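Worksheet for the structure shown next.
The values are calculated or read from the model by the stated rules, or taken from the named source; none is laboratory data. Treat the numbers as computed from the prediction; the structure is a model and nothing was measured. In this analysis, Cβ positions are derived from the backbone assuming ideal geometry, glycine residues included, and neighbour counts consider all displayed protein chains. Accessible surface areas use protein heavy atoms only, side chains included; no ligands, DNA or RNA. Shrake-Rupley method; radii C 1.70, N 1.55, O 1.52, S 1.80 Å.
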Amino acid sequence: MAGTAIAIVVLVAGAAYLTLGKNEDVYAQCSTSTVAGGMDSFGTSFTLTNQDGDRVTDQDVFSKPSLLYFGYTFCPDVCPLDSARNAETAEILKDRGMDLQTVFITVDPRRDTPEVLADFTDAFSDEMIGLTGSEGEIAAVNKGWRNYFKLNDEEDDEYYLVDHMTNTYLVMPGNETVEFFARDEPPETLADRTACFIDATT
């Protein structure tokens, strides 16, 4: 009996190892980013408010492959350029028959109401999702993606700028962050790299 029990344990452990190994390796040929803690250290569950004023969870939002970006609508140059690049990437993949959505989470919830976000996201894509929330909710979701930001509102609480990171994250269905991209990636390259991850799961 003891030998049989040990054999069962070994078989179960071996199956678990093979399953985990397979899951970990499915994107091996696509990933180029190396970060402390691995890509599993990015992401968190959340409930935020979208540009239509509806409360949504991370599971609602990440129902398909998504390019996730953190920024703010008053941003003078970087955020609009990055958002346009991400929207163009989604269009390139749409032409290839791949479904990719873009998600914009504000780092400036004081000014970025759902109405303001709707105007911003509509400028780039009818399908771009904009998300805001309370200051605590926004701080928590930024922390989850290890995204640094700082409001420079000490002297001007109306026209202030915000320091923030400019990475774009690729989040797969179920809120699984698998890669991040620098802002110097052109849309064609970003589309090719993203397609690799989508192909790996189909």
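Test of understanding: among Ala200, Ala191, Ala182, which residue is of a type outside the set (Val, Ile, Thr) and either within 12 Å of the chain's Cα centre (by Cα) or modelled with pLDDT of 95 or more (or both)? Can you show your working first?
Values: Ala200 fails: either within 12 Å of the chain's Cα centre (by Cα) or modelled with pLDDT of 95 or more (or both); Ala182 fails: either within 12 Å of the chain's Cα centre (by Cα) or modelled with pLDDT of 95 or more (or both).
Exactly one of Ala200, Ala191, Ala182 is of a type outside the set (Val, Ile, Thr) and either within 12 Å of the chain's Cα centre (by Cα) or modelled with pLDDT of 95 or more (or both), namely Ala191.
Is it the case that Asp119 is of a type in the set (Asp, Glu) and either closer than 16 Å to Tyr72 by Cα or part of a helix (DSSP H, G or I) (or both)? Don't jump to the end; show me each part of the working.
On the way: of a type in the set (Asp, Glu): yes; either closer than 16 Å to Tyr72 by Cα or part of a helix (DSSP H, G or I) (or both): yes.
Judged against the criteria, Asp119 is a match.
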Q) Is there any pair with a first residue in segment 175-186 that is within 18 Å of Asp199 (Cα to Cα) and among the acidic types (Asp, Glu) and a second that is open to solvent by less than 50 Å² (accessible area, probe 1.4 Å) and in a strand (DSSP E or B) whose Cβ atoms are under 6 Å apart and which are 6 or more apart or on different chains, and what are they? A) Glu179/Leu170
Q) Just checking, how many residues over segment 92-127 are basic (Lys, Arg) and in contact with a Leu (Cβ under 9 Å, 6 or more places away or on another chain)? A) 2
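Mind checking whether some residue in segment 165-178 is over 16 Å from the mean Cα position of the chain (by Cα) and either assigned to a strand (DSSP E or B) or under 19 Å from Ala84 (Cα atoms) (or both)?
Initial filter on segment 165-178 (over 16 Å from the mean Cα position of the chain (by Cα)): none.
For segment 165-178, residues over 16 Å from the mean Cα position of the chain (by Cα) and either assigned to a strand (DSSP E or B) or under 19 Å from Ala84 (Cα atoms) (or both): absent.
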Q) Do we find that Thr102 is in contact (Cβ under 8 Å) with a residue 12 or more places away in the chain, of a type in the set (Ser, Thr, Tyr) and in a loop (DSSP other than H, G, I, E, B) in this structure? A) no
Q. What are the residues in segment 155-164 that are part of a strand (DSSP E or B) and open to solvent by 30 Å² or more (accessible area, probe 1.4 Å), if any?
A. Asp163, His164
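So for segment 117-140 (the condition being open to solvent by 30 Å² or more (accessible area, probe 1.4 Å) and of a type in the set (Val, Ile, Thr)), does at least one residue qualify?
yes
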Q: Could you tell me whether segment 82-89 includes any residue that is touching a strand residue (DSSP E or B) at 6+ places or on another chain (Cβ under 8 Å), in a loop (DSSP other than H, G, I, E, B) and either under 13 Å from Val171 (Cβ atoms) or in contact (Cβ under 8 Å) with a residue 12 or more places away in the chain (or both)?
A: no
Q. Tally time: how many residues in segment 179-202 are touching a Cys at 6+ places or on another chain (Cβ under 9 Å) and part of a strand (DSSP E or B)?
A. 1
Q | Close pairs (7 angstrom Cβ cut-off, 6 or more residues apart or separate chains): in contact (Cβ under 8 Å) with a residue 12 or more places away in the chain and within 15 Å of Ala118 (Cβ to Cβ) in segment 46-59, in a helix (DSSP H, G or I) and open to solvent by 40 Å² or more (accessible area, probe 1.4 Å) anywhere | A | Leu48/Glu137
Q) Can you tell me which residues in segment 24-57 are in contact with a strand residue (DSSP E or B) (Cβ under 8 Å, 6 or more places away or on another chain), surrounded by 12 or more Cβ atoms within 10 Å (Cβ to Cβ) and not β-branched (Val, Ile, Thr)? A) Tyr27, Cys30, Ser31, Ser33, Met39, Phe42, Gly43, Phe46, Leu48, Asn50, Gln51
